[in-house]
Amino acid sequence: MTTPAAELVGVSQRFGSFTAVDSIDLQIPRGRLTTLLGPSGCGKTTTLRMLAGYSAPTSGRILIDGDDATRLPPEKRNLGMVFQSYALFPHMTVADNVAYGPKMRKVPAAERRRRAGEALELVGLAHLADRKPKQLSGGQQQRVALARAIAIRPRLLLLDEPLSNLDARLRVQMRAEIRRIQSETGLTVVLVTHDQDEALEMSDEMVLMRSGKIVQSGAPRDVFPAPADRFVAEFLGYENFLTLADGRQAAVRPEHLRVLPADTSAATSADGGIVLDAVVLDVAYRGVDLLVTLEATDPAGNAVRLLADHRADTATGPTPSAGDRVRLLAPEARLAHLSADSTAAPTAPTTAPTASTAPTEGIS
Amino acid sequence: MSAVMSRTARLRHPVAGTLAVAGYVVMIVPILFVVATAFTAGSTLRFPPDGLSLRWFGEAVAYTPFMEAVVSSLQLAVLATGLALLLGVPVTLAIHRGKIPGKGLLEGLFLSPLVVPELVVGLALYQQLMIGLRLDNFTTLLLGHTALLLPYAVRVTGASLALADPALEEAARGLGASPLRAFVTVTLPMLRPGLISAGLLGFVTSFNNVPLSLLLQTRDFRTLPVTMLDYVQQSYDPMVAAASTLVLAATVVVAIVAERTVGFAKIFGGINR
Ligand SMILES: Nc1ncnc2c1ncn2[C@@H]1O[C@H](COP(=O)(O)OP(=O)(O)OP(=O)(O)O)[C@@H](O)[C@H]1O
Ligand SMILES: [Mg+2]
């Protein structure tokens, strides 16, 4: 295995008595796009800033290309950072902004210009080279910031919520754009976001953080169907939480909860799913589907409120309406077994009887 | 932004509007009187002037004490302004960008000359520096004026810096600039309007200062305002009005240059943080 592009070893950051980042271990795989995902205030920016060298960790070590960089100032790290505010130099033209890095590296003027042109070409802004940053739209400024970071041929490209200042459509376009740039350049990218869709769509590797700790990491395809705990499940859009007969906690997404007629035989659950009797409380029309709110008793005997997406075109049985008694099916393959302990493996069985009081943290 | 708002508010509000006009009248009319009397052909300071001539301008320019005082005042103002900026900019950087504890205290300390009466400062300087340390009068005046201008330097350059995104310097560092190069290539250009504003404001404040200069003057080093004050106490001819008019004209030229280079809105916007 090759050395990771960067590695954090037991890294903490304390501000006074407050611990913003709490002893995290993280490896950034080379040539991949890694996202740091988590709710506001969980320490994503703080982690990125320590990686970039803007603040020294209170404890722990930072390795870049396998070398200790913990005390290296930012100008010696050769990392390309894109700030949330873009931080374009307002007194310089777009071209000069992009050529700034090469200039600081004493690259001759002609070569500088060529590299700046190349980087601007990559982000599709070569025609705006002579403008000042103020004369650009938010999306264009963002691309310039990207070009400026790429022009130094960085060892890592660090992006702090690069899309959060853009409008919804542009944001979705830029996701693909950043992925394209990443694969064209083969750069190692670390992207901070609090948007789970963005992380799922863009990441090779996603790292979920909460209160300064890493809760779970892995490829989106591995993380999404198997959230480690209730926090991750909620963050990824799981709405329904059940306590199983053996005391384990499980989560299921509204689109995977099937609403069936009350007389459906329990045999339907031959595939090993859970069947619950439920009462429909409310049905909301949402165009593509109906959002059905139900009250049910989970296998452990607790009353729970559940949400189910009922798609008229694919679902079998009659359309539910408020007051109906129905049967709910949660297929086994769609059940995400949760651990009460954030650090445990996703499928580790939990015997703790307190599982039903798993922490619920506000997510933004 | 607030300047624009208060301007429109002033225009809309009749009482505020009247007060504003009254304010301008109170400020400008006396100046007009002085300028008018400076052009008199007569030999007393009187309005309306007796006839029209440039005679008193000639006299003022030929009057050695005035001309010597102009040179002294210019020397003092330029040096004090330079010193105040040289000291003030690092202080501003420390306040706005530094990671030092007690920033509030530091800021308070450097703004204090604005609230301590100048006569008190002057007296303190007189006792400590001239009597106590036996510094000569020019050095003492220079130190006094520098202290007087420091708050302007800190405040006005600070306003420029507060407007600039701190991530700019970080971006420069990340792109490979040493702290010094980041300062020269990014921070300093951001500070430019603040530096020009603070410089002009400092220069004018020092050039026109009376209380400190009055307390710390000696026979061989006198500033222009003090010399003019002395002169008025002895004689009442229009030469003083002519000298004042010349100073006024110079100030207007400076103001125009300032407007052309950074713009008044920026200069004074910088002060009302
Ligand atoms: N310089 C600082 N001094 C004190 N506390 C800080 C400082 N910087 C960050 N914090 C605190 O550390 C915690 C983590 O901050 P950080 O900026 O890393 O969060 P984040 O995950 O990037 O959040 P967001 O999504 O809102 O940007 C927050 O509670 C924040 O208030
Ligand atoms: Mg952040």
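The values are calculated or read from the model by the stated rules, or taken from the named source; none is laboratory data. Just so you know, these numbers come straight off a predicted model, no measurement behind them. A quick note on method: Cβ atoms are made from the backbone with ideal geometry, for glycine too, and the neighbour counts reach across all protein chains shown. To get the accessible areas, we keep the full protein, side chains included, count just its heavy atoms, and leave off ligands, DNA and RNA. Shrake-Rupley method; radii C 1.70, N 1.55, O 1.52, S 1.80 Å.
Tabulated values for the structure
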| read-out | value |
| --- | --- |
| Residue in the stretch B:135-156 that is open to solvent by less than 40 Å² (accessible area, probe 1.4 Å), within 14 Å of chain A (Cβ to nearest Cβ) and within 25 Å of B:Thr205 (Cα to Cα) present | no |
| Scope the stretch A:1-18; condition within 16 Å of ligand 2 (Cβ to nearest atom) and in contact (Cβ under 8 Å) with a residue 24 or more places away in the chain; matching residues | A:Gln13 |
| Qualifying residues in the stretch B:17-52 (those that are farther than 21 Å from B:Leu248 by Cβ and of a type outside the set (Gly, Ala, Ser)) - the one most open to solvent (accessible area, probe 1.4 Å) | B:Leu19 |
| Members of the stretch A:120-165 found to be over 17 Å from B:Ala171 (Cβ atoms), within 16 Å of ligand 2 (Cβ to nearest atom) and either at pLDDT 90 or above or aliphatic (A, V, I, L, M) (or both), listed by number | A:Leu163 |
| Candidate set: the stretch A:52-74, residues that are within 11 Å of chain B (Cβ to nearest Cβ) and in contact (Cβ under 8 Å) with a residue 40 or more places away in the chain; chosen: the one nearest to ligand 1 (Cβ to nearest atom) | A:Ser55 |
| Criterion (basic (Lys, Arg) and within 18 Å of the chain's Cα centre (by Cα)) met by exactly one of B:Arg181, B:Arg192 | B:Arg192 |
| Strands (runs of 3 or more DSSP E) within the stretch A:168-280 that include 2 or more residues buried (at least 16 other Cβ atoms within 10 Å of the Cβ) and more than 23 Å from the chain's Cα centre (by Cα) | A:240-243, A:258-261 |
| In the stretch A:1-31, residue nearest to ligand 1 (Cβ to nearest atom) [restricted to those that are open to solvent by 50 Å² or more (accessible area, probe 1.4 Å) and small (Gly, Ala, Ser)] | A:Gly16 |
| Sole residue being outside any loop (DSSP other than H, G, I, E, B), of a type in the set (Lys, Arg) and within 12 Å of chain B (Cβ to nearest Cβ), chosen from A:Arg114, A:Arg148, A:Arg143 | A:Arg148 |
| Hits in the stretch A:32-45 - residues which are surrounded by fewer than 23 Cβ atoms within 10 Å (Cβ to Cβ) and near ligand 2 (Cβ under 9 Å from one of its atoms) | A:Ser40, A:Gly41, A:Thr45 |
| Residue match in the stretch A:112-127 (condition: touching a residue at least 60 places away in the same chain (Cβ under 8 Å) and assigned by TED's automatic domain parsing to the domain that holds A:Thr46) | yes |
| Residues (within 16 Å of ligand 1 (Cβ to nearest atom), within 19 Å of A:Leu79 (Cα to Cα), touching a helix residue (DSSP H, G or I) at 6+ places or on another chain (Cβ under 7 Å) and within 14 Å of another protein chain (Cβ to nearest Cβ)) located in the stretch A:152-191 | A:Leu158, A:Asp160, A:Pro162, A:Val190 |
| Number of positions in the stretch B:175-187 that are part of a helix (DSSP H, G or I) and either crowded, with 21+ Cβ neighbours inside 10 Å or more than 10 Å from chain A (Cβ to nearest Cβ) (or both) | 6 |
| Filter pass, B:Glu59 being within 12 Å of B:Val154 (Cα to Cα) and out of contact with any Phe, Trp or Tyr (no Cβ under 9 Å at 6 or more places or on another chain) | no |
| Scope the stretch B:157-168; condition open to solvent by less than 50 Å² (accessible area, probe 1.4 Å), in contact with a helix residue (DSSP H, G or I) (Cβ under 7 Å, 6 or more places away or on another chain) and within 14 Å of another protein chain (Cβ to nearest Cβ); matching residues | B:Ser160, B:Leu161, B:Ala164, B:Leu168 |
| Candidate set from the stretch A:84-99 (those that are more than 8 Å from chain B (Cβ to nearest Cβ) and over 20 Å from A:Leu166 (Cα atoms)); member that is nearest to ligand 2 (Cβ to nearest atom) | A:Asn97 |
| Selection count where residues are of a type in the set (Lys, Arg) and touching a strand residue (DSSP E or B) at 6+ places or on another chain (Cβ under 6 Å), scope the stretch A:205-247 | 2 |
| For A:Arg49: the one exception among (1) more than 16 Å from ligand 2 (Cβ to nearest atom); (2) charged (D, E, K, R); (3) within 22 Å of the chain's Cα centre (by Cα) | (1) |
| Filter pass, B:Ala171 being open to solvent by 10 Å² or more (accessible area, probe 1.4 Å) and either in contact (Cβ under 8 Å) with a residue 12 or more places away in the chain or under 15 Å from A:Gly101 (Cα atoms) (or both) | no |
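For every residue, the table says whether it meets (1) in contact with a Pro (Cβ under 7 Å, 6 or more places away or on another chain); (2) at positive phi; (3) among the β-branched types (Val, Ile, Thr); (4) open to solvent by less than 60 Å² (accessible area, probe 1.4 Å).
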| site | (1), (2), (3), (4) |
| --- | --- |
| A:Phe89 | no, no, no, yes |
| A:Asp96 | no, no, no, no |
| A:Arg112 | yes, no, no, yes |
| A:Glu118 | no, no, no, no |
| A:Ala126 | no, no, no, yes |
| A:Arg131 | no, no, no, no |
| A:Arg153 | no, yes, no, no |
| A:Leu156 | no, no, no, yes |
| A:Leu159 | no, no, no, yes |
